[in-house]
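Just below is one structure, and these are the notes that go with it.
The values are calculated or read from the model by the stated rules, or taken from the named source; none is laboratory data. Predicted, not measured: the structure shown is a model, and the values here were computed from it. Reconstructed Cβ throughout: ideal geometry from the backbone, glycine too, with neighbour counts over all protein chains shown.
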Amino acid sequence: MAYSIRICRLFGIDVKAHVSLALILLILTYIFYANKPPFGFSDLQNPMRLIYSVAMAVSIFLAVLVHELSHSLVAKRFGAKVREIVLFIFGGVARIEEIPKEPKKEFAIAIAGPLASFVLSLFLFTPFRFLRLFGYFNLILAIFNLIPAFPMDGGRVLRSLLTKRFGYVKATRISVGVGKFLAIIMGIFGLFYNIWLTLIALFIYIGAVEEERAVTLEGLLANYKVRDVMTPNPICVSPDITVKDVVNMMLRRKHLGYPVVKDGKLVGIVTLKDVVNAKEDEIVERVMSRNVVVVSPETSVYEALRIMGEKKIGRLPVVEEDRVVGIISRSDIIKLAEILELFEGVKSSGENVKSVQGDTCR
Ligand SMILES: [Zn+2]
């Protein structure tokens, strides 16, 4: 997430704070400072009143951190990669790559967070008012996250329970439907009673739609490998041709990016963005991007799309044994997905795409 600062590293996972956290910490501190017990410390004398208020605001994010860490550690046990935990204005998010789709594992990962929050809250229900309030927030965190709607943990729990019966994609659709329905009810209810509810409902609705889109796309592309979709034997350029030559190639061939190859090896990639502000007689080597992200022909198409999204790039050279064997672009993948969506239900697979080559026009 942009505008995040790393605050520590726990169990090999980077913990980051988004800049929005500073604002919410201030607001929370103010709320605890101004409120009467049991939800605030306005009855105390300064400096204890201020110290307690700040500590409680920070504690809320500690509770979120424990919650996200629980998801992450269970995910790690199942072999998933946890890139980072980001704390931000709405709470926290653990960026877990390739969450296992087996229902049992998804269930365990999803339930771990609310369970940890719940257990923590049990230990905190003591006579000490600070701990009791902290425990109370952990309990809310557990219950709120169990709402059966994406992007809450409850949405994942529901999907994992439905997957066995309906399959992953349909289970997602049902869970998303439940999420949207709850969000709409909550949103309307909020308009009359509490506008915060409406905001949270909006957040849930957007999360549900995003999850649906991601899973639908992933489902559509599941059978396709980069090899099936890439443009094979792409046009490569040598590092010592000029920017002018590249521009002319772009005009003629209508491709906006070319791998740069020297002695048969990939050394860079030159795209429209690299040449647009460069001098005409500059050589490609001087303007190309050197940090080239590549994929193998055996990489799944969905994974390639994910990489492009993460790195914000439009195309990836496909490399096999150090040689460029193809190029795959985001627009190619999106086109494929659009076509597949129209023919959803018609049985098609990567195998079919490979076997049908078509005839050349004469
Ligand atoms: Zn959670």
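Of all the helices (runs of 4 or more DSSP H) wholly in segment 225-279, which have at least 1 residues that are without any contact (Cβ under 8 Å) to a residue 24 or more places away in the chain and farther than 21 Å from residue 330 by Cβ?
Passing ranges, in order: 243-253.
For residues in segment 148-178 being within 24 Å of residue 341 (Cα to Cα) and part of a loop (DSSP other than H, G, I, E, B), which is farthest from the ligand (Cβ to nearest atom)?
Here the answer is 167.
Does residue 109 qualify as being β-branched (Val, Ile, Thr), touching a Phe, Trp or Tyr at 6+ places or on another chain (Cβ under 8 Å) and either within 16 Å of the ligand (Cβ to nearest atom) or within 25 Å of residue 202 (Cβ to Cβ) (or both)?
Yes; evaluated as a whole, the condition is true for this residue.
How about segment 66-85: which of its residues are crowded, with 19+ Cβ neighbours inside 10 Å and either in the same structural domain as residue 207 (by TED's automatic domain parsing) or in contact (Cβ under 8 Å) with a residue 40 or more places away in the chain (or both)?
The answer is 67, 68, 69, 70, 71, 72, 82, 85.
Look at residue 339 and say whether it is of a type outside the set (Ser, Thr, Tyr), at pLDDT 80 or above and crowded, with 17+ Cβ neighbours inside 10 Å.
no
Suppose we keep only residues that are touching an Asp or Glu at 6+ places or on another chain (Cβ under 9 Å) and modelled with pLDDT of 80 or more within segment 222-237. Which one would you say is surrounded by the most Cβ atoms within 10 Å (Cβ to Cβ)?
Keep residues of segment 222-237 that are touching an Asp or Glu at 6+ places or on another chain (Cβ under 9 Å), which gives 223, 225-231, 237.
From what is left, the residues that are modelled with pLDDT of 80 or more are 225-231, 237.
Working: 225: 20, 226: 23, 227: 21, 228: 18, 229: 21, 230: 25, 231: 14, 237: 18.
Checking each candidate, the answer is 230.
Mind checking which residues of segment 152-169 are over 21 Å from the mean Cα position of the chain (by Cα) and free of Cβ contacts under 8 Å to residues at least 40 places away in the same chain?
Within segment 152-169, 162, 165, 166, 167 qualify.
Can you pull out every residue in segment 180-221 that is surrounded by fewer than 17 Cβ atoms within 10 Å (Cβ to Cβ) and of a type in the set (Asp, Glu)?
210
Within the group 271, 299, which residue is surrounded by fewer than 21 Cβ atoms within 10 Å (Cβ to Cβ) and in contact with a Gly (Cβ under 6 Å, 6 or more places away or on another chain)? Spell out the reasoning first.
Values: 299 fails: in contact with a Gly (Cβ under 6 Å, 6 or more places away or on another chain).
Just one listed residue meets the conditions, 271.
Rundown of residues vs (1) more than 22 Å from residue 148 (Cβ to Cβ); (2) of a type outside the set (Gly, Ala, Ser), yes/no style:
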| position | (1), (2) |
| --- | --- |
| 55 | yes, no |
| 65 | yes, yes |
| 68 | no, yes |
| 81 | yes, yes |
| 92 | no, no |
| 100 | no, yes |
| 108 | no, no |
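Please determine, by comparing only the residues of segment 244-262 that are farther than 28 Å from residue 225 by Cα and either surrounded by 19 or more Cβ atoms within 10 Å (Cβ to Cβ) or among the charged types (D, E, K, R) (or both), which one is nearest to the chain's Cα centre (by Cα).
Result: 246.
Got a number for residues in segment 188-223 being under 25 Å from residue 303 (Cα atoms) and in contact (Cβ under 8 Å) with a residue 40 or more places away in the chain?
14
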